[in-house]
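Right, one structure below, let's go through it.
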Amino acid sequence: MFERLLGLDTDLWDRFAQMQRELDEIFGRALPSAAIRGVPAGTFPAVNVGETTDDVRVYVFAPGLDTDKLEVTLEGNVLSIEGERQESVPDNATVYRNERFQGRFRRVLSLPETVDDERVNATYKDGVLQVVVAKKAEAQPRRIEVKAH
């Protein structure tokens, strides 16, 4: 819209936008989703959230953590995961590239309001933290008996 007012070639801008999309596709650096659940690229740790009829399951992909430095809290329906991943390169090493996240992190997730914050289980195995939060009894589906007349 403003390009025409300023006398700029709109086709040129379209070509730049197309080139940017192609470069993002080639290098895998596309912008994060604009959806409400989208997070910026490089957010650590990566998280998957899903639910069954009985519970909500959160999978946190964070290899190399010391579980003693991992803190998981649930207040109401807000899940907080905090921890630290130590540097894996010796102090006297020359580093040419370091793409692995290190340092403190914190992720805060809103879970459905149907979760029961009294019934939570967290386990860490093979670099994946799994947090299972049971749903409240009143949120469970109930089978209604149909009576014949």
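The values are calculated or read from the model by the stated rules, or taken from the named source; none is laboratory data. Computed from a prediction, not measured in an experiment: that's the story for all the values here. All Cβ positions, even for glycine, are placed from backbone atoms using ideal geometry, and neighbour counts span all protein chains on display.
Report yes if some residue within region 73-87 is modelled with pLDDT under 90, assigned by TED's automatic domain parsing to the domain that holds Pro45 and of a type in the set (S, T, N, Q); otherwise report no. Looking for residues that are modelled with pLDDT under 90, assigned by TED's automatic domain parsing to the domain that holds Pro45 and of a type in the set (S, T, N, Q), one finds at least one in region 73-87, hence yes.
Taking every residue in region 105-125 that is within 18 Å of Glu71 (Cβ to Cβ) and pairing it with any residue that is basic (Lys, Arg), at least 6 positions away or on another chain, the pairs with Cβ-Cβ distances below 9 Å are Phe105/Arg85.
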